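Asker: Please read through the structure below; I'll follow up with questions.
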Amino acid sequence: MNPKRTYKIGTEVKKWVTGNIVMLLFITICAIGIYFAAQPSSYIASEIAIRLFRNLILILSLIIPVWAGMGLNFSIVLGAMAAQAGLIVIMNFDMKGIAGLVIAFAISVPLAAGLGILTGKLFNKTKGQEMITGMILGYFAKGVYELIFMYLCGPVIPMDNPQIMLESGVGINGIITMDASLNGAVDKIWKLPLDKLLWIIFGVLTAFLVLRLVYGGVKRKQADKKCLLLLGIDLLLFIIFVYAIKSLLSFQILCMMTQVPMVTCFLVMIICGFIVFLGRTKLGSDIKAVGQSIPIAQAAGIAVNKIRIIAVVISTVIAALGQIIYLQNLGTFTTYSAHEQIGTFSIAALLVGGASIKKAGIGHAILGGVLFHLMFIVAPIAGKNIFNDAQIGEYFRVFASYAVIALALVLHAWRIHVEEKRKTGALVQIGKEAEVK
Amino acid sequence: MDDKSEPLQIIKKAICTALVINMRKEERAMEGQPVLWFQQIKKKFGENVVLDGVDFKVMPGEIVSLVGENGAGKSTLMNILFGMSVIRQTGGYEGTIYMDGNPLNITNPNDAIHQGIGMVHQEFMLIPGFTVEQNIKLNREPLKKNIFSRVFGHSFETIDWDAENRDAKKALKRIGIDVNPGERIEQLPVGLKQFVEISREIDKENLKVLIFDEPTAVLTETEAEKLLKCIKSFSESGIAVIFISHRLDEVMRISDKVVVLRDGILVENAAVTSLTKEKIAELMVGRKLTERTEEYPDRNIKEEDIILEFRNVSVDMPGEDLRGFSLKVRRGEIIGIGGLAGHGKMAVSNAVSGMYPSTGEVLYNGKPLDVSKTGEALRHEIAFVSEDRKGVGLLLDQSILTNIIFNNLSLKGEFLKSYGFFTQIDNKAAKKTAEQMIEDLAIRCTSAEQLAGSLSGGNQQKVCMARALIAEPKLLFVSEPTRGIDIGAKRLILDYLLKINYEKGITVVMLSSELNELREVCDRIAIVAGGRLRGILGPKESNVKYALMMSGDESVRGGEDSYEKD
Ligand SMILES: Nc1ncnc2c1ncn2[C@@H]1O[C@H](COP(=O)(O)OP(=O)(O)OP(=O)(O)O)[C@@H](O)[C@H]1O
Ligand SMILES: [Mg+2]
């Protein structure tokens, strides 16, 4: 009807699609995979629940450096290394159970924070190149890590627990298997089937929203409206859920099979809560200001370098926690490579969730985690069903994660290029055309 | 020290301090204690001395104007005072700045802010993705304590949005502008951004000195008027103001004292009453200013030879909406688009460049131009000089040469040498042209290799002009060509426009808020008010007619014929 409006809607849609192209692509791939793998939904859901919780903290650890304008923090690998060092120490002293894991974390926090400070300082020297610096730093740190655990442990650092040492007495085993008390220690504390959990979630959410409507939000009418809307959505979903749990057999099975590790879930929620909270604090505001423009933040008197270091430290420490959760869930890890893939996979997952180098939030992390694991779960079977070879699916998922990162980086570079061209008001082709004339 | 002498020492000390205080009081009574004293400030960028022994004082409540040509060192001096990091990164400075008699030790902007120094920077220092209120309270957010902040320190205090909103509203109200504090900065028109920045400064409580680095360059006359009033009221409340401007009328009107810099040397420091505009201009440039250098003979402009036609064009541009605009631009003429800022004049060039969504038709040489396609205009050899000072479209980390030649992709093949399949840029020819341009527009730089980002504000603007001029387009849109440019260089730029128009036959559409400027160079001037074209006047039309038309008065109508009459 109104030409101006359609024009706007058209460009908006186009903008959204180009902005979320990585996510859309991935959803397509997943859909194809699910179709060909033809696995029962209950299996997929239960797998996702387990994997999502074990990985989510690692993915969340990437968010704050994005706020700070440092892009995707490849150096979370250092946090992962700190976590592994913590685990190796407690296993050397034969510490057991949840207490052992807590001590491992306590050891890894100062380590991760220290590494974070160094990383932050390095990033401050290479402003604008944080991502490549982070990547290279990862390789460098790997070398140091290997030196310590392959050669120094034993002869220099007194360690002699045969459980984790090589027979020669020099260096740590290539594969470390946790004993039964450590394996899944956090997950095991309390598990709930999905339906129970959903009951609780709906209960809490509804109560929260109602309370908020009654007591809060007097000052802000807008918040009130939003609250009401959320309540509506909440109730709608609740009705659907009740219907499903009462009458859909497949959903009942799904719920029974999906055992949610509650303590891990709480930890994830705490981290999410922390990120949301941080966004409302002075520190969070400073981080975002620095991320938008270093010179402007500086002119406003914000200590830019310090803020950037803090952002990296927070990220590295969260990554250390994430890695501990991840490894206790697996129960075994390869000493010299468990940290390696973490950076790439977490970053790929975040990007798949619709985040970019400039923008990332909790929603992106969760959605990305789900989609990425979905692909991980369906890819081998889908590969087998399509190509008659599970290995292809296996390769595909590794390939996909690197491809996602590459694609996101290329898209980012392209966007900057377009922006610059828009700024200078010129297009390359025109120069070329003129030249032809 | 032994015990006995202690009481004696104390008494001695007390007497001394009393004496000093007394002296200080007397001093104050005699000539007052300066709030600021720049003592023998020297600054070098590499080998390039940009400030050489600058020495002057600023009294409380005094308005000191700092004037000088583009690149004279005004912004540099203020950056030193404000502790901007560029200064430290480029080797610091020599000399001392005293505040209230004590040497200042400012190493970063935070120190300066704590000392009560505020600065409205030459480039916008606002975070585009933040809202107005967030920008006003940036790094001074009102905070609320919580459990975590008690443990982890005040960084973890949460921001009190309501208080932030309240404070921002108050500051905005104080300078009398009407803008929604929740609006994001990137959505605001340039003029408003400037006022937001001023609101941010006056929101600071312990303000003693307020620096304005060319605050009026982006403002219209009415807006500037408002700003000057604000500045006056600040000074009346005891805040010392350092005011930088190239508009000497303002300087004459507002200042108590004028400090003139020329090539980094202080050449005059006197009460404004002992100076005249002409005198200041002369002091700035170091020679007498010449009037218009050359008169060009009549060109052969045909009324029916239309290069560009707007047909019922409407543009959605924040703060500069344009509605139902129709205009015919004749080949070879210089046409001005005048009017107050915020009335839609700026949207005219954006209608062609396609920067903002528009409806209606634009015909180029009689054929429709698809403006929504980026680069369509350039393909037809239409060039633009944007009015946006900060995003003037320069790549700041690239050299002047790169900016005006190599990134200038609307260039024709001139600088390309061809070797069969390969083409290569002809460095020598390019450099020569660039150097010629640097000379013609008096761009103050060490060489063509200097980074654009390290040029003074006015000189960056000139580089922008140079880039468009070198491209030798068929049609050139220039928006606010002399904004932020010193009076000497203004002449050069206007003359250059006349020259390329005459010699190369380039049609020029010039958008400007400075009516005098338009009347000096344009053949016809279209006036836009309230988002509509009000009429077209000849340059010699009376002031009254212009004023009425700009105010949107319906009774004044200028026709196409006004051009032929004069
Ligand atoms: N970061 C820098 N590196 C090298 N030279 C610089 C740098 N910043 C400024 N300059 C030089 O210092 C000189 C003074 O610049 P300054 O910005 O102080 O001028 P200005 O008086 O403010 O001019 P304008 O009116 O154009 O804003 C210029 O010649 C400029 O090229
Ligand atoms: Mg300046």
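The values are calculated or read from the model by the stated rules, or taken from the named source; none is laboratory data. This structure is a prediction, so every number in the text was calculated from the model and none was measured. As a convention, Cβ positions derive from the backbone with ideal geometry for all residues, glycine included, and neighbour counts pool all protein chains shown. These area figures cover heavy atoms from the full protein model, side chains too; ligands, DNA and RNA do not enter into them. Shrake-Rupley method; radii C 1.70, N 1.55, O 1.52, S 1.80 Å.
Asker: Any residue in segment B:307-336 that is on the phi > 0 side of the Ramachandran plot sitting within a Cβ distance under 6 Å of a residue that is buried (at least 18 other Cβ atoms within 10 Å of the Cβ) and at pLDDT 90 or above? List the pairs, counting only those 6 or more apart or interchain.
Answerer: From segment B:307-336, the pairs are B:Gly332/B:Thr507.
Asker: Name the residues in segment A:224-266 that are over 26 Å from the mean Cα position of the chain (by Cα), closer than 15 Å to A:Ser46 by Cβ and hydrophobic (A, V, I, L, M, F, W, C), would you?
Answerer: Those that are over 26 Å from the mean Cα position of the chain (by Cα), closer than 15 Å to A:Ser46 by Cβ and hydrophobic (A, V, I, L, M, F, W, C): A:Phe251, A:Ile253, A:Met256.
Asker: Would you kindly identify the helices (runs of 4 or more DSSP H) lying entirely within segment A:176-269 that contain at least 1 residues that are among the basic types (Lys, Arg)?
Answerer: Working: elements: A:185-188, A:194-215, A:221-247, A:249-257.
The qualifying helices (runs of 4 or more DSSP H) are A:185-188, A:194-215, A:221-247.
Asker: Out of curiosity, is A:Val260 surrounded by 15 or more Cβ atoms within 10 Å (Cβ to Cβ), farther than 30 Å from B:Leu138 by Cα and away from chain B (no Cβ under 14 Å)?
Answerer: Values: surrounded by 15 or more Cβ atoms within 10 Å (Cβ to Cβ): yes; farther than 30 Å from B:Leu138 by Cα: yes; away from chain B (no Cβ under 14 Å): yes.
The answer is yes for A:Val260.
Asker: Could you list, in sequence order, all residues of segment B:328-353 that are in contact with a helix residue (DSSP H, G or I) (Cβ under 7 Å, 6 or more places away or on another chain) and open to solvent by 10 Å² or more (accessible area, probe 1.4 Å)? Give the derivation first.
Answerer: Filtering segment B:328-353 down to residues in contact with a helix residue (DSSP H, G or I) (Cβ under 7 Å, 6 or more places away or on another chain) leaves B:334, B:336-342, B:352-353.
Those that are in contact with a helix residue (DSSP H, G or I) (Cβ under 7 Å, 6 or more places away or on another chain) and open to solvent by 10 Å² or more (accessible area, probe 1.4 Å): B:Leu340, B:Ala341, B:Gly342, B:Ser353.
Asker: Quick test for you: out of A:Gln298, A:Gln328, pick the one residue that is in contact with a helix residue (DSSP H, G or I) (Cβ under 7 Å, 6 or more places away or on another chain), within 14 Å of chain B (Cβ to nearest Cβ) and either under 25 Å from A:His373 (Cβ atoms) or open to solvent by 30 Å² or more (accessible area, probe 1.4 Å) (or both). Explain how you work it out, then say what you get.
Answerer: Values: A:Gln328 fails: within 14 Å of chain B (Cβ to nearest Cβ).
Going through A:Gln298, A:Gln328 in turn, the sole match is A:Gln298.
Asker: Could you tell me whether any residue of segment B:65-79 is within 23 Å of B:Leu455 (Cα to Cα), touching a strand residue (DSSP E or B) at 6+ places or on another chain (Cβ under 6 Å), in the same structural domain as B:Glu214 (by TED's automatic domain parsing) and among the acidic types (Asp, Glu)?
Answerer: No.
Asker: Next question. Being modelled with pLDDT of 90 or more and in a loop (DSSP other than H, G, I, E, B), is that true of even one residue in segment A:148-169?
Answerer: Checked segment A:148-169: no residue is modelled with pLDDT of 90 or more and in a loop (DSSP other than H, G, I, E, B).
Asker: Any residue at all in segment A:189-207 that's in contact with a Leu (Cβ under 6 Å, 6 or more places away or on another chain) and either within 14 Å of chain B (Cβ to nearest Cβ) or in contact (Cβ under 8 Å) with a residue 12 or more places away in the chain (or both)? Show your work before the answer.
Answerer: Initial filter on segment A:189-207 (in contact with a Leu (Cβ under 6 Å, 6 or more places away or on another chain)): none.
For segment A:189-207, residues in contact with a Leu (Cβ under 6 Å, 6 or more places away or on another chain) and either within 14 Å of chain B (Cβ to nearest Cβ) or in contact (Cβ under 8 Å) with a residue 12 or more places away in the chain (or both): absent.
Asker: Which one of these is surrounded by 18 or more Cβ atoms within 10 Å (Cβ to Cβ) and small (Gly, Ala, Ser): B:Ser255, B:Ser237, B:Ser274?
Answerer: Working: B:Ser237 fails: surrounded by 18 or more Cβ atoms within 10 Å (Cβ to Cβ); B:Ser274 fails: surrounded by 18 or more Cβ atoms within 10 Å (Cβ to Cβ).
So the residue among B:Ser255, B:Ser237, B:Ser274 that is surrounded by 18 or more Cβ atoms within 10 Å (Cβ to Cβ) and small (Gly, Ala, Ser) is B:Ser255.
Residues checked against (1) within 15 Å of B:Trp37 (Cβ to Cβ); (2) out of contact with any Pro (no Cβ under 6 Å at 6 or more places or on another chain); (3) more than 16 Å from ligand 1 (Cβ to nearest atom); (4) within 14 Å of another protein chain (Cβ to nearest Cβ):
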{"residue": "B:Val64", "(1), (2), (3), (4)": "yes, yes, no, no"}
{"residue": "B:Val67", "(1), (2), (3), (4)": "no, yes, no, no"}
{"residue": "B:Ala72", "(1), (2), (3), (4)": "no, yes, no, no"}
{"residue": "B:Ser85", "(1), (2), (3), (4)": "no, yes, no, yes"}
{"residue": "B:Gly92", "(1), (2), (3), (4)": "no, yes, no, no"}
{"residue": "B:Asp100", "(1), (2), (3), (4)": "yes, yes, yes, no"}
{"residue": "B:Val120", "(1), (2), (3), (4)": "no, no, no, yes"}
{"residue": "B:Glu123", "(1), (2), (3), (4)": "no, yes, no, yes"}
{"residue": "B:Pro128", "(1), (2), (3), (4)": "no, yes, yes, yes"}
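Asker: Tell me the residue from B:Leu66, B:Leu81, B:Leu77 that is under 15 Å from B:Phe212 (Cα atoms) and more than 11 Å from ligand 2 (Cβ to nearest atom), please.
Answerer: Within the list B:Leu66, B:Leu81, B:Leu77, the selection yields B:Leu81.
Asker: If a residue has to be surrounded by fewer than 24 Cβ atoms within 10 Å (Cβ to Cβ) and within 14 Å of A:Ile48 (Cβ to Cβ) to count, how many in segment A:344-372 make the cut?
Answerer: 4
Asker: Test of understanding: among A:Ala426, A:Ala434, A:Ala408, which residue is at pLDDT below 80, in contact with a helix residue (DSSP H, G or I) (Cβ under 8 Å, 6 or more places away or on another chain), of a type outside the set (Asp, Glu) and outside any helix (DSSP H, G or I)? Show your work before the answer.
Answerer: Details: A:Ala434 fails: outside any helix (DSSP H, G or I); A:Ala408 fails: outside any helix (DSSP H, G or I).
Among A:Ala426, A:Ala434, A:Ala408, only A:Ala426 is at pLDDT below 80, in contact with a helix residue (DSSP H, G or I) (Cβ under 8 Å, 6 or more places away or on another chain), of a type outside the set (Asp, Glu) and outside any helix (DSSP H, G or I).
Asker: Identify, please: which residue in segment B:74-83 is more than 6 Å from ligand 1 (Cβ to nearest atom) and assigned to a helix (DSSP H, G or I) and is, among those, nearest to the other protein chains (Cβ to nearest Cβ)?
Answerer: Applying the first criterion (more than 6 Å from ligand 1 (Cβ to nearest atom)) to segment B:74-83 yields B:77-83.
Checking the rest, the ones that are also assigned to a helix (DSSP H, G or I) come to B:77-82.
Details: B:Leu77: 16, B:Met78: 12, B:Asn79: 10, B:Ile80: 14, B:Leu81: 13, B:Phe82: 8 Å.
Looking at residues that are more than 6 Å from ligand 1 (Cβ to nearest atom) and assigned to a helix (DSSP H, G or I), I get B:Phe82.
Asker: With respect to A:Phe140, is the statement that it is of a type in the set (Phe, Trp, Tyr) and in contact with a strand residue (DSSP E or B) (Cβ under 8 Å, 6 or more places away or on another chain) true? Let's see the steps before the verdict.
Answerer: Values: of a type in the set (Phe, Trp, Tyr): yes; in contact with a strand residue (DSSP E or B) (Cβ under 8 Å, 6 or more places away or on another chain): no.
So A:Phe140 does not fit the description; no.
Asker: Checking the structure you have, find out if any residue of segment B:422-431 is within 16 Å of ligand 2 (Cβ to nearest atom), within 14 Å of chain A (Cβ to nearest Cβ) and either over 18 Å from the mean Cα position of the chain (by Cα) or among the polar types (S, T, N, Q) (or both). Talk me through it step by step, then tell me what you get.
Answerer: Residues of segment B:422-431 that are within 16 Å of ligand 2 (Cβ to nearest atom), as a first pass: none.
Checking segment B:422-431: not a single residue is within 16 Å of ligand 2 (Cβ to nearest atom), within 14 Å of chain A (Cβ to nearest Cβ) and either over 18 Å from the mean Cα position of the chain (by Cα) or among the polar types (S, T, N, Q) (or both).
Asker: Next up: Which fully enclosed strands (runs of 3 or more DSSP E) of segment B:204-300 have 2 or more residues being within 26 Å of B:Ser512 (Cα to Cα), in contact with a Leu (Cβ under 8 Å, 6 or more places away or on another chain) and within 16 Å of ligand 2 (Cβ to nearest atom)? Even if it seems obvious, please write down each step before you answer.
Answerer: Working: elements: B:209-213, B:240-244, B:257-262, B:265-271.
In segment B:204-300, B:240-244 are the strands (runs of 3 or more DSSP E) which contain 2 or more residues that are within 26 Å of B:Ser512 (Cα to Cα), in contact with a Leu (Cβ under 8 Å, 6 or more places away or on another chain) and within 16 Å of ligand 2 (Cβ to nearest atom).
Asker: Just checking, which of B:Val218, B:Val241 is of a type in the set (A, V, I, L, M) and at pLDDT below 90? It would help to see each step written out before you state the result.
Answerer: Values: B:Val241 fails: at pLDDT below 90.
From the options B:Val218, B:Val241, the qualifying one is B:Val218.
Asker: Quick check: is even one residue across segment A:222-230 modelled with pLDDT under 90, within 13 Å of chain B (Cβ to nearest Cβ) and under 18 Å from B:Trp161 (Cα atoms)? Before the answer, list the steps.
Answerer: Taking segment A:222-230 as the starting set, the residues that turn out to be modelled with pLDDT under 90 are A:222-230.
Now drop any that are not within 13 Å of chain B (Cβ to nearest Cβ), which leaves A:222-223.
Okay, now just the ones that are also under 18 Å from B:Trp161 (Cα atoms), so A:222-223.
Yes, the conditions are met somewhere in segment A:222-230.
Asker: Taking the criterion of being part of a loop (DSSP other than H, G, I, E, B), over 22 Å from the mean Cα position of the chain (by Cα) and either modelled with pLDDT of 80 or more or within 14 Å of chain B (Cβ to nearest Cβ) (or both), would at least one residue in segment A:21-39 satisfy it?
Answerer: Step one: list which residues in segment A:21-39 are part of a loop (DSSP other than H, G, I, E, B), which gives A:38-39.
Cutting the leftovers down to over 22 Å from the mean Cα position of the chain (by Cα) gives us A:38-39.
Of the ones still in play, those that are also either modelled with pLDDT of 80 or more or within 14 Å of chain B (Cβ to nearest Cβ) (or both) are A:38-39.
Yes.
Asker: Across segment B:196-205, what is the total count of residues that are polar (S, T, N, Q) and either assigned by TED's automatic domain parsing to the domain that holds B:Leu77 or in contact with a strand residue (DSSP E or B) (Cβ under 9 Å, 6 or more places away or on another chain) (or both)?
Answerer: Residues in segment B:196-205 being polar (S, T, N, Q) and either assigned by TED's automatic domain parsing to the domain that holds B:Leu77 or in contact with a strand residue (DSSP E or B) (Cβ under 9 Å, 6 or more places away or on another chain) (or both): 0 in total.
Asker: When both residues are 6+ apart or on different chains and their Cβ atoms are under 8 Å apart, which pairs have a first residue that lies in segment B:131-159 and is within 7 Å of chain A (Cβ to nearest Cβ), and a second that is surrounded by fewer than 14 Cβ atoms within 10 Å (Cβ to Cβ)?
Answerer: B:Leu143/B:His154; B:Glu157/B:Lys145
Asker: Report the residue count in segment B:494-533 for those that are open to solvent by 40 Å² or more (accessible area, probe 1.4 Å) and in contact with a helix residue (DSSP H, G or I) (Cβ under 7 Å, 6 or more places away or on another chain).
Answerer: Residues in segment B:494-533 being open to solvent by 40 Å² or more (accessible area, probe 1.4 Å) and in contact with a helix residue (DSSP H, G or I) (Cβ under 7 Å, 6 or more places away or on another chain): 1 in total.
Asker: What pairs come out if I take residues in segment B:450-468 that are within 14 Å of chain A (Cβ to nearest Cβ) and pair them with residues that are among the hydrophobic types (A, V, I, L, M, F, W, C) and within 9 Å of ligand 1 (Cβ to nearest atom) whose C-beta lies under 8 Å away, six or more apart or interchain?
Answerer: B:Ser454/B:Phe45; B:Val463/B:Leu455
Asker: For segment A:45-69, name all the residues that are over 24 Å from A:Phe266 (Cβ atoms), open to solvent by less than 20 Å² (accessible area, probe 1.4 Å) and over 16 Å from the mean Cα position of the chain (by Cα).
Answerer: Passing the criteria: only A:Ala68.
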